[in-house]
Each structure stands twice: as structure tokens, then as C-alpha cells.
1. Give me Rg over Rh for segment 44-162, both radii from the alpha carbons and Rh done the Kirkwood way, two decimal places.
2. So for segment 120-188, if I pair up every lysine 8 or more residues apart or on another chain, how many of those pairs have alpha-carbons under 22 Å apart?
3. Quantify, in whole percent, the carbon and sulfur part of the accessible surface of segment 22-146 (1.4 Å probe; protein heavy atoms only).
4. Two-decimal Rg/Rh of segment 95-152 from alpha-carbon positions, Kirkwood Rh?
5. K36: net charge of surrounding residues, Cβ under 11 Å, Lys/Arg +1, Asp/Glu -1, itself excluded?
6. Report, to two decimal places, the Cα Rg of segment 53-101 normalised by 2.2 N^0.38 Å (N = number of residues).
7. Would you tally the net charge around Q76, using a Cβ to Cβ cut-off of less than 13 Å, leaving Q76 out, and scoring K and R as +1, D and E as -1?
8. What's the ranking of 102-108, 134-140 by average number of surrounding C-beta atoms within 10 Å, highest first?
Amino acid sequence: MGKYFFIIALSFLINGCTFANNFNDKVEVISKNNKKSTFDSCANFSYISNINDKDYGVLFSEYINLDSSCSWNGLQRGYFEYLFKTTLKLKSFKIIERKDFNNYEFTTYLIDDKYYMNLIYKYSTYEDLFILDYDGKYFTKLIKEFDKNYESVYLDKERFSNNYSNSLVKMNFINSYFSRQRENIFEK
């Protein structure tokens, strides 16, 4: 019986470590040279990165690794979208396509009724990764890993272009996107 428990525990450990290592692998390849660490008492090893890749074009990524004693005070993607929209003072920011696969959300936006842009959002319990894809190439490549028949009808449309570099982690002090969980003083 102890042998079976050991094998099961070992398999959970190996799978958990593999997931954690794979979580950020895809974006690591394209952002490894351009990381800017972001700091907050609730964030561990978090960063933003502006990328100009020869294959995928211009990308922006924000990786957030929350401390296990902290939690989000709302919906992560909603906070990211709102910060993006208000930072750039966009007139309109409409979702026109969304695909969900496992822990990925792929969203296409119509900005100011004229320009198209994509967001890749990857999440787990304490990790969040946001990738703005201005050209749509990386977005399309990742979706095709889940749905081989996917074809983007927005790639040839006029694309949104900007040099966004704001961060949920940097702005957390002002906007309280996440916070340390308080212990209930009446429990004991």
C-alpha cells in the first residue's frame, strides 16, 4: 500500500513540476532577452517584456507569479484589459473573437472601430501570462496547436500598433489588483 502511495505522490510531483516549467516556455523563447522585472510584495519573479521577433513581429508580455499568500481582487484578464484601454486612452475596445482551450484564452479585439489586435492569456493557480500580439502571427500559431483547422480572418486587417509597457504589478500599489489574504482573527 505504501508503495502505491509513493508512486502516486511521485507522479503528482513530476506532473506539477512539468506544468510549472512548461507554463512559460513558449513565451520564454521570444522574450528571454528583453525582460524587465516588476516588483510587488505579492509578486514573485514577475516581469514585462517588449519583443520585436523576426518571425512573430511585435509582442508585449506580462508574466505575474503571485505569492501563495496573495489573491486577485477581481478578474485578472479584466484588470489587464482595463489598464491597457485606460493607459492608451482608447475610444473603444471590443471583443470580436474568443477561443478557450485548457488554461488559455485567445481574444481578438477591434480597437477604435478600425484596428485589430490579439491577446493570449494563460493562467494557473498563482501564475498569469498576458501576451499582446500586435501582428497576430504568434496568436494564430498557438491556436493552431489546439485547433489545426483554425484560420484567422483578421490577420490581413489593419493592425493596432503601440509601444505599451504598463504593468499590473507596477500599478498594483495604486489600484489594488491583488492583495495579501487576511487571516480571520476569530478562528482558533
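The values are calculated or read from the model by the stated rules, or taken from the named source; none is laboratory data. Predicted model only: the values in this text are computed from it and were never measured. Cβ coordinates were reconstructed from backbone atoms using ideal geometry, including for glycine residues, and neighbour counts include every protein chain displayed. Remember, those area values only see protein heavy atoms, side chains included, never the ligands or the DNA or RNA. Shrake-Rupley method; radii C 1.70, N 1.55, O 1.52, S 1.80 Å.
1. Working: Rg = 14.3 Å, Rh = 15.0 Å.
Expressed as Rg/Rh, it is 0.96.
2. Lysine pairs satisfying the spacing and distance rule in segment 120-188 number 10.
3. Numbers: 2790 of 5850 Å².
Whole-percent figure for carbon plus sulfur exposure: 48.
4. On the way: Rg = 11.5 Å, Rh = 11.8 Å.
Across segment 95-152, the Cα-based Rg/Rh ratio is 0.97.
5. On the way: positive: K35, K170; negative: E62.
Residues close to K36 contribute a combined charge of +1.
6. Compared with the compact-globule rule of thumb, segment 53-101 sits at 1.47.
7. Values: positive: R77, K122; negative: E62, E81, E105, E127, D128.
Net charge in that neighbourhood comes out at -3.
8. Working: 102-108: 17.0, 134-140: 21.6.
Highest to lowest by the protection proxy: 134-140, 102-108.
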